[in-house]
1. How long is the gain from L68 to T509 if the chain were fully straight, where each residue apart is worth 0.36 nm and the alpha carbon distance is subtracted?
2. Collect residues whose amide H, placed 1.01 Å from N in the peptide plane, falls under 5 Å from the amide H of G374; neighbours closer than 5 in sequence don't count.
3. I need T350, T495 ordered by Cβ neighbour count within 10 Å, fewest first.
4. Give me S300, S305 sorted ascending by neighbouring Cβ count inside 10 Å, so fewest comes first.
5. For n ≥ 4 DSSP H runs only, could you compute -39500 (n - 2.57) per run for the chain, divide by its residues and tell me the 222 nm figure to the nearest 500?
6. Indicate, rounded to the nearest 5 percent, the antiparallel portion of the DSSP beta bridges found entirely in region 423-530.
7. Taking amide hydrogens as modeled 1.01 Å from N in the peptide plane, which residues meet the under 5 Å criterion relative to R469, leaving out close sequence neighbours?
8. List every residue whose amide H lies under 5 Å from the amide H of G452, counting only residues 5 or more places away in sequence or on a different chain, with H placed 1.01 Å from N in the peptide plane.
Amino acid sequence: MSTDVRDRPSTAVPAPHPLPRRVGALIGVLAVAAALGVAHLAAGLVQLPSSPYLAVGNAFIDLTPPWLKTFAVDQFGTNDKTALLTGMALVLVALGAGVGLLARCDTRLGVAGVVVLGLVGLVAVLTRPDTTAVGVLAPLVALVAGVGALLWLLHAARTSWPAAVARTPRGTVLPVSRRTFLGTSTAVAAGAGVATVLGRAAGSSVDVAAAQARVGTLTPVTTLPAVPAGADFTADGGLPFITPNADFYRIDTALSVPRLSAADWSLRIHGMVDREITLTLDDLLARELVEQRVTFTCVSYDLGSNLVGTADWVGVSLRDVLLEAGVQDGADQIFSTSVDGFTASTPVDTVMEPDRGAMLAVNMNGEPLPAEHGFPVRMLVPGLFGFVSATKWIVDIELTTYADKQAYWTPRGWSDHGPVKQASKIVSGSSVASGSGFTTTLTGAAWDQHTGITGVEVRLDDGPWQPARMGADGGRDAWRMWRADLTGVPAGEHTAQCRATNAEGTQQTATPAPPNPDGATGWHTVRVKVG
């Protein structure tokens, strides 16, 4: 008697049902978190910039087109890096969830997704200028940790959801306990968090505070006079003449602030020079110290933004150091490099002007440089935008030509020469009743580094220009504050504008231009509510 094969009991093992989507997404997110946490710990132990999270973020900054950089600075100001890291975290959560959704149906697809993310991190680390061969350890550890966490979480989940468990060849169901998955996922999340914290601590092992204490407050050969009385109008809502270190804007390309030991720092000066020089911090501090009061403006400054500030700087004359090295004929570019790989192009002729005041700065407002502003040494050149002159954490200066080398921002669409543009801005406005109308008080600042400001004019609603009362002059390399009292102003909303005149009699241009490629121009315009 024959038996229909369709009636025979099946001996095939049924495929497992997919895990719930929310579980799959959670598994992927936790696997990515584990990879990044373990990688950050490994990077902290060997080389913090090799953390894939930071390396990918820095690579993104390097590849950012000028319009996007300008947009980010306009929208987030000095919080642009926080915004980037937050955005990256959200993207990684989405990618991790996608990896988990693939893995819930096919483990191999999930593993492939983790591998792809790991390779992206590896490439980012390999292409960073501030990492060495040992830094490859971090992305490799990340890849192993990510795959391991994914497989461990999948196993725990498939033993915790009955509908997702394959039956063994004998037909028995594996033990079911969702506590298994809960415990495993909690362990992975906690491990990722602990590894991240430990990695941050390990990467911050350099005691910057102790190194700063070693530098201390330095006394130059000739000190600056005190800030003149009446230099600011803070009582009227204006800006302080000297910007406190904590309030000074910070714009650079470093996602993590380099932490350098003063004892280990050195500066190499080479290239088109008669003799190569290497200076330690002790060598630098043994030289004659000079002091400069300089207003810095970021090239990303847009009309009215806060990307401008003034500080008293103490350091060594850069011109004197270069004279000692002997700049050869034909060298027209000072190509400076930061410890994190950032480079800037500075015109040799500008730095070598006897009265320019270019320096290697070691103190800021009577204190050692803050880590965020370049400790232990940064470069600065009055009258040039920071992106071509103010290299933080400087470790290398090469005398070369613009034809032979391009600095960081030049191939990204920015100018390789960056003279500061004459500018003025309105900081505050207030009104009080006065007779038949109101008296409106506007305060602001104006600057034209290395030339100086002699006057500012303001107007309302395209009316006649009226002169502002100028604050005391603090020097041609520093900004100058102003105040204007406009009488007989009717209640309502008005448009206020300002323009400055420099010490050479040149009036600030009205022609608007964006920050890219070499600085914004135009008259700052604001709306003022009166009454």
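A short reminder: the numbers here are calculations on the coordinates, not readings from a lab. Since we're looking at a predicted model, the values are computed, not measured. No Cβ is skipped: glycine too gets one built from the backbone with ideal geometry, and neighbour counts run over all protein chains shown.
1. 156.2 nm
2. Close amide H contacts, sequence-distant or interchain: W393.
3. Least to most surrounded, the residues fall as T495, T350.
4. S305, S300
5. My calculation for the chain gives -10500 deg cm²/dmol from helical runs alone.
6. Among the beta bridges of region 423-530, antiparallel pairing accounts for roughly 100 percent.
7. So R469 has HN proximity to R483, A484, D485.
8. Placed amide hydrogens put A503 under 5 Å from G452.
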